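First the structure, in the form of structure tokens, and then the observations on it.
The values are calculated or read from the model by the stated rules, or taken from the named source; none is laboratory data. This is a predicted model, so every value here is computed, not measured. Glycine gets a Cβ as well: all are built from the backbone with ideal geometry, and neighbour counts include every protein chain shown.
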Amino acid sequence: MSEAFEQIEILLVEDSPADAEMTMRALRKFNLGNRLHWVQDGAEALDFLRRGGAYAGRRADHPLRLVVLDLKLPKVDGIEVLRQIKADPETRGIPVVMMTSSREERDMVDSYSLGVNSYVVKPVDFADFAETVSKVGLYWMLTNRVPE
Amino acid sequence: MPDLELPTVQSPSISITEPVHASGRKEWWYFVALALPLAGIVLLGALTYRAIDRELTAAALSRNAALAGLTAVMVSEKLDRLVDIGVSLADRVRFRELIAVGRWVEASRILARVPAEFPFIDRVALFDVDGTVMGGIPDTPEVIGRSFAYRDWYRGVTRAWKPYVSEVYRRAAAPSSNVFGVAVPIRSDRQQVLGVLLLQVRLETLLDWTRSVDVGDAGVLYVVDQRANVVFHPQLPLQGDLVDFSALPSVSEALAGRKGVREEVDPRSGDARVIAYQPVPKYGWAVIADQPARAAFEARNDQLRYMLIAYALIVALFGLTAYLASRMVLERKQAADVQRTNAELERRVAERTMQLEAAMKELEGFSYSVSHDLRAPLRAINGFARMLEEDYGERLDHEGHRLLGVVRSSATQMGRLIDDLLDFSRVGRAPLTPKPVDMAALARDAAGEAAAAADGAAPAIELGPLPPARGDPALLRQVWLNLIGNAVKFSSRRDAPRIGVSGRLQDSVAIYCVADNGTGFDMRYYDKLFGVFQRLHRQEEFSGTGVGLAMVQRIVAHHGGKVWAEGRPDHGASFFFSLPAKGGSDV
């Protein structure tokens, strides 16, 4: 199973299967969906990032290139996951895009103060949604070079 | 005393009963503290009053006693002098020689000038040792040879052959009058008694002597003899029947040789009297000073009355001071109570504010959930409908596409409703930071945006001069956008849509107006105009969520202004809003 994670470049943390499916569909249109791993709660996301729990065998020499994080998550919420990613020297360099349905300002302020790389409000309209997701994915995957 | 109630507190829910009881207990001690010195003053006053009363009474009584004593001494001295006169007359050598040889008439002549020299001496009479009249000046031949041994003066002088002052008696010689006698024995060189020389003294004389003694208002001073017969009394006739005063206890006391003062009730008039009595020791007479108690104690009563008035004034002064002091204390306490009540109210306000803030937080949490949780399924509905259309669109007929379209547009509409509702709730939650706002520029900007979004023909928007305002530019821009946007929307069906934006200053209020010639509204539904989600037109006619005007009202109210409107179906509508022009809102 550990072999399967070698190619993973994007971690999608999303508790809503519908949103996850729409996100993956949008990314797939730009061929970004294949190397994506989807987890449904914050605790699993942290396990994946730290190679703990079920992800103990994941290799360390192949870093993630993007984390797409929902704000409201079961167990450990998005803000906490973001805080831990940015607090850990090993994961600090991974770009994190916060995607949320919340338009509340305080979430945005919290996220930026923790060093989020993008903050995106999910539009209700699917066409807008797909466009937003793919733009964000393309920007961070293709145009932005992470220091290796 | 002022009412002890606390200042009125309207709300019965505010418990202030405990402090009232506490202060009630304090008041009890307060009044005890006041009553103690007052009782002390009254007690001291009563004691002093009694002491002074006693002293003044004693002073009044002793004054009368002193008068009686003084008079007694005076009477005694006068009688001494009479006796001296008698002794010196009886001691003349030639006079005694004549008596010794029985030449009474010649002896009498030696005394011829005595009544002239001593006017108070009515008559001088000479008696032999047996009490028989032997001669006299003036000469009274009708009594010569008569014995007067029965007289008191005779019994008195013969008792030890010493000078004697007699009782009052009516003399025998004409004209008869009331006199008293001073009897002196006449002795030879060898001390043998030869006869008796008698001076008859007029009672008027004593009256003259005592006239100088003032017994005070309505008082009388009188003298009684050994038998309690009145020697003289200023209110009784000197001549006439003798008056016996032996029935008076003070008279009999004095005749028994005792002096004193007593208060007696006159059995005839019923008046209380002060009677001082004093014996005239050597002669067995007595002096009585008799004064009505009312007069005797007049000075005392006056003084006591003044003292009572002074006491009353002191007590009244104390009472007034105590009253004023208690007023001050109570007022201060009431002020403290008011303060305490205010503090309590403030505490409650703070408590309520906290509860309200908590409720607001909950509401915020709720709108956050609405924002987050309601949008997610909407997005799914919309997204999956879109996916269905993309992936299976070829297999759907026209009706299938239409149905999917309704699903998607409904989801989109609901998303917009939620967004507007959240925007609406956000206005008023955020504190205002008012600054000067160029309303003309904001309106122009909003008009441009609204015109660009117009479905139909571009409307003619006339912008008049607008007074500046103070407020939040972003929120006021929203007001213009909503009002002008509405005007554009509801006039879009006109052939020549016209929109006028104007403003004016009235007093210290800036009033703005957006008027259109559009579809207007019925004033019967005016009360629904500014309600949230209230719409006066069907969705097919004019789309919208019904939040726009509610938002306008909320923003303007937040700035301290008002919103109102006028309209008629098919004759356009005018929307007004006012903002405080000067100084702006500090909300």
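Restricting segment B:368-383 to residues that are more than 7 Å from chain A (Cβ to nearest Cβ) and without any contact (Cβ under 8 Å) to a residue 24 or more places away in the chain, which is nearest to B:T412 (Cα to Cα)? Taking the candidates together, the pick is B:P377. In the set A:V124, A:V136, only one residue is over 15 Å from A:I10 (Cβ atoms) and at pLDDT below 85; that residue is A:V124.
Tally the residues that are part of a helix (DSSP H, G or I), without any contact (Cβ under 8 Å) to a residue 12 or more places away in the chain and not small (G, A, S), restricting the search to segment B:384-412. The qualifying residues number 12.
Restricted to segment B:416-442, and to residues there that are touching a residue at least 60 places away in the same chain (Cβ under 8 Å) and touching a helix residue (DSSP H, G or I) at 6+ places or on another chain (Cβ under 6 Å), the residue that is nearest to the other protein chains (Cβ to nearest Cβ) is B:S425.
Scan segment B:384-415 for residues that are within 14 Å of another protein chain (Cβ to nearest Cβ) and β-branched (V, I, T) and the total you get is 2. For segment B:225-247, indicate whether the set of residues that are in a helix (DSSP H, G or I), out of contact with any strand residue (DSSP E or B) (no Cβ under 6 Å at 6 or more places or on another chain) and either surrounded by fewer than 20 Cβ atoms within 10 Å (Cβ to Cβ) or free of Cβ contacts under 8 Å to residues at least 60 places away in the same chain (or both) is non-empty. Looking through segment B:225-247, none of the residues is in a helix (DSSP H, G or I), out of contact with any strand residue (DSSP E or B) (no Cβ under 6 Å at 6 or more places or on another chain) and either surrounded by fewer than 20 Cβ atoms within 10 Å (Cβ to Cβ) or free of Cβ contacts under 8 Å to residues at least 60 places away in the same chain (or both). Looking only at residues of segment A:23-79 that are among the aromatic types (F, W, Y) and modelled with pLDDT of 80 or more, we find that the one that is farthest from A:D110 (Cα to Cα) is A:Y55.
Quick grid of which residues meet (1) within 22 Å of B:I418 (Cα to Cα); (2) crowded, with 22+ Cβ neighbours inside 10 Å; (3) modelled with pLDDT under 90:
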residue	(1), (2), (3)
B:I484	no, yes, no
B:G500	no, no, no
B:R504	no, no, no
B:I511	no, no, no
B:G520	no, no, yes
B:V532	yes, no, yes
B:Q539	yes, no, yes
B:S543	yes, no, yes
B:G560	no, no, yes
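Could you tell me whether segment A:66-85 includes any residue that is more than 11 Å from chain B (Cβ to nearest Cβ), in a loop (DSSP other than H, G, I, E, B), loosely packed, with under 14 Cβ neighbours inside 10 Å and touching a residue at least 40 places away in the same chain (Cβ under 8 Å)? Yes: segment A:66-85 contains one or more residues that are more than 11 Å from chain B (Cβ to nearest Cβ), in a loop (DSSP other than H, G, I, E, B), loosely packed, with under 14 Cβ neighbours inside 10 Å and touching a residue at least 40 places away in the same chain (Cβ under 8 Å).
I need a count of the residues in segment B:333-365 that are of a type outside the set (D, E, K, R) and touching a residue at least 40 places away in the same chain (Cβ under 8 Å).
Qualifying residue count for the region: 6.
All told, A:A18 meets the bar of being under 22 Å from B:L378 (Cβ atoms) and surrounded by fewer than 21 Cβ atoms within 10 Å (Cβ to Cβ). Going through (1) out of contact with any strand residue (DSSP E or B) (no Cβ under 8 Å at 6 or more places or on another chain); (2) in contact (Cβ under 8 Å) with a residue 12 or more places away in the chain; (3) of a type in the set (S, T, Y) one by one, B:Y525 falls short only on (2). Quick one: is B:S108 among the polar types (S, T, N, Q) and not in a strand (DSSP E or B)? Criteria met by B:S108.
All but one of (1) surrounded by 12 or more Cβ atoms within 10 Å (Cβ to Cβ); (2) modelled with pLDDT under 85; (3) of a type outside the set (S, T, N, Q) hold for B:M387; state the number of the condition that does not hold. Here B:M387 meets the rest and fails (2).
Among residues belonging to segment B:71-91 that are of a type in the set (D, E, K, R) and surrounded by fewer than 16 Cβ atoms within 10 Å (Cβ to Cβ), point out the one that is farthest from B:K259 (Cα to Cα). Applying the filter and picking the extreme gives B:D91. Residues that are among the acidic types (D, E) and under 21 Å from B:T57 (Cα atoms) number at least 2 in the following strands (runs of 3 or more DSSP E) confined to segment B:255-297: B:260-265.
Report yes if some residue within segment B:447-463 is in contact with a strand residue (DSSP E or B) (Cβ under 8 Å, 6 or more places away or on another chain) and more than 20 Å from B:S574 (Cα to Cα); otherwise report no. Taking every residue of segment B:447-463 in turn, none turns out to be in contact with a strand residue (DSSP E or B) (Cβ under 8 Å, 6 or more places away or on another chain) and more than 20 Å from B:S574 (Cα to Cα).
Conditions (1) in contact with a strand residue (DSSP E or B) (Cβ under 8 Å, 6 or more places away or on another chain); (2) within 11 Å of another protein chain (Cβ to nearest Cβ), marked per residue:
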site: A:E9; (1), (2): yes, no
site: A:A18; (1), (2): no, yes
site: A:R25; (1), (2): no, yes
site: A:W38; (1), (2): yes, no
site: A:R59; (1), (2): no, no
site: A:H62; (1), (2): no, no
site: A:A87; (1), (2): no, no
site: A:E90; (1), (2): no, no
site: A:V96; (1), (2): yes, no
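Going through (1) hydrophobic (A, V, I, L, M, F, W, C); (2) in contact with a strand residue (DSSP E or B) (Cβ under 8 Å, 6 or more places away or on another chain); (3) within 30 Å of B:S410 (Cα to Cα) one by one, B:F577 falls short only on (3).
One line per residue, one yes/no per condition, for (1) out of contact with any strand residue (DSSP E or B) (no Cβ under 7 Å at 6 or more places or on another chain); (2) surrounded by fewer than 19 Cβ atoms within 10 Å (Cβ to Cβ); (3) touching a residue at least 40 places away in the same chain (Cβ under 8 Å); (4) closer than 30 Å to B:A276 by Cα:
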| position | (1), (2), (3), (4) |
| --- | --- |
| B:L36 | yes, yes, no, no |
| B:I41 | yes, yes, yes, no |
| B:A100 | no, yes, yes, no |
| B:V133 | no, no, no, no |
| B:G136 | no, no, no, no |
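In this structure, is B:A550 closer than 24 Å to B:P465 by Cβ and touching a helix residue (DSSP H, G or I) at 6+ places or on another chain (Cβ under 9 Å)? Here the answer is no, as B:A550 does not meet what is asked. In segment B:486-525, of all residues being under 60 Å from the mean Cα position of the chain (by Cα) and of a type outside the set (A, V, I, L, M), the one that is farthest from B:A446 (Cα to Cα) corresponds to B:D507. Inside segment A:117-130, residues that are more than 7 Å from chain B (Cβ to nearest Cβ), in contact with an Asp or Glu (Cβ under 9 Å, 6 or more places away or on another chain) and of a type outside the set (F, W, Y) make up a count of 1.
The selection criterion, being away from chain A (no Cβ under 12 Å), closer than 30 Å to A:F129 by Cβ and assigned to a helix (DSSP H, G or I), does not hold for B:E357.
Can you confirm whether segment B:54-70 contains a residue that is within 54 Å of the chain's Cα centre (by Cα), surrounded by 13 or more Cβ atoms within 10 Å (Cβ to Cβ) and over 29 Å from B:I288 (Cα atoms)? Taking every residue of segment B:54-70 in turn, none turns out to be within 54 Å of the chain's Cα centre (by Cα), surrounded by 13 or more Cβ atoms within 10 Å (Cβ to Cβ) and over 29 Å from B:I288 (Cα atoms).
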